[in-house]
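To start, the structure itself, in structure tokens.
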Amino acid sequence: MITGVQWRGTIAPGATHRWFTWGWSANLHVVWYLMPTSPRSGAPQLDWDVAVERANSSQCTYWITVKNLTSHTVSFEGRYAVLS
């Protein structure tokens, strides 16, 4: 398994924003997840959804929609794990 950080970002209180990352091999099994880097205990900070576009016969683009569940700006990392 290979893991890494694809991007770092911030999202305003209560906002929803979409990021994309392109050029991934369609043969890979990639899992996307987000990790807040601005600590705030007591409740979840982020929710996300992943959509995929088959860009061509060998590559895909991932569209990651992020929602800030708090009343504070949240900094985070967009992380991935390649399972195969």
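Each value in this text was obtained by applying a stated rule to the coordinates, not by laboratory testing. Since we're looking at a predicted model, the values are computed, not measured. Positions of Cβ are backbone-derived with ideal geometry, glycine not excepted, and every protein chain shown enters the neighbour counts.
Numbers at a glance
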item	result
Within the chain: Cβ-based charge dipole about Cα centre, in debye rounded to nearest 20 (Lys, Arg +1; Asp, Glu -1)	100
Relative contact order (%) - region 2-82, alpha-carbon pairs under 8 angstrom, separation at least six	52
Hull volume in cubic angstrom per residue (convex hull over the Cα atoms of the chain)	82
